[in-house]
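The structure appears right after this line, and notes come after that.
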């Protein structure tokens, strides 16, 4: 199974983010072709659409600029869903776009975030997956069994 560890982790992460989005009344759709969008979230009540790119950490990439892509990433066990271009604006203010990584490779990621950057991400934080799962379990316990 270790040969598939990265793929398994990506599926677990995607299912976690989708579960968190479902709690906010979004539905999830998988594109037939991945042209930079891992999945799409749609909420019918307000027609809100989120084209999501799933990452293992905070990351910006030139290929996502101006495409209305939202980056899903974890910080200390919590998941965030943040507009890429908002992340880019923050990175520009921090001087990230002057780094070799950005200039030459066209991408930049951070494993550890400053307290100030975590604060900027806070409005985009999902509820804790543990709380969402516990609430779903409680809701199910109160429902009659389908059988």
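Of the listed requirements (1) farther than 22 Å from residue 86 by Cα; (2) touching a helix residue (DSSP H, G or I) at 6+ places or on another chain (Cβ under 9 Å), residue 66 misses just one: (1). With respect to residue 124, determine if the residue is surrounded by 13 or more Cβ atoms within 10 Å (Cβ to Cβ), at pLDDT 95 or above and under 15 Å from residue 19 (Cβ atoms). So residue 124 fails the test. Against the definition (at pLDDT 95 or above, farther than 14 Å from residue 20 by Cβ, surrounded by 15 or more Cβ atoms within 10 Å (Cβ to Cβ) and touching a strand residue (DSSP E or B) at 6+ places or on another chain (Cβ under 7 Å)), how does residue 113 come out, yes or no? Here the answer is no, as residue 113 does not meet what is asked. Only a single item in (1) under 17 Å from residue 127 (Cβ atoms); (2) in contact with a strand residue (DSSP E or B) (Cβ under 7 Å, 6 or more places away or on another chain); (3) loosely packed, with under 14 Cβ neighbours inside 10 Å is not met by residue 18, and it is number (3).
Taking the criterion of being closer than 23 Å to residue 51 by Cα and out of contact with any helix residue (DSSP H, G or I) (no Cβ under 8 Å at 6 or more places or on another chain), the only residue of segment 90-104 that qualifies is 92.
Number of residues in segment 10-29 that are in a helix (DSSP H, G or I) and over 14 Å from the mean Cα position of the chain (by Cα) equals 1.
Taking the condition farther than 20 Å from residue 26 by Cα, in contact with a strand residue (DSSP E or B) (Cβ under 7 Å, 6 or more places away or on another chain) and modelled with pLDDT under 95, does residue 91 pass? So residue 91 fits the description; yes.
Tell me, which residue of segment 71-89 that is touching a helix residue (DSSP H, G or I) at 6+ places or on another chain (Cβ under 7 Å) and free of Cβ contacts under 8 Å to residues at least 40 places away in the same chain is surrounded by the most Cβ atoms within 10 Å (Cβ to Cβ)? Within segment 71-89, the match that is surrounded by the most Cβ atoms within 10 Å (Cβ to Cβ) is 71. Among the residues in segment 47-63, are any crowded, with 18+ Cβ neighbours inside 10 Å, touching a residue at least 60 places away in the same chain (Cβ under 8 Å), within 26 Å of residue 102 (Cα to Cα) and within 13 Å of the chain's Cα centre (by Cα)? Among the residues of segment 47-63, at least one is crowded, with 18+ Cβ neighbours inside 10 Å, touching a residue at least 60 places away in the same chain (Cβ under 8 Å), within 26 Å of residue 102 (Cα to Cα) and within 13 Å of the chain's Cα centre (by Cα), which makes the answer yes.
The values are calculated or read from the model by the stated rules, or taken from the named source; none is laboratory data. Every value quoted in this text rests on a predicted model; they were computed, and no experiment measured them. Note that each Cβ is placed from the backbone with ideal geometry, even for glycine, and that neighbours are counted across all protein chains shown.
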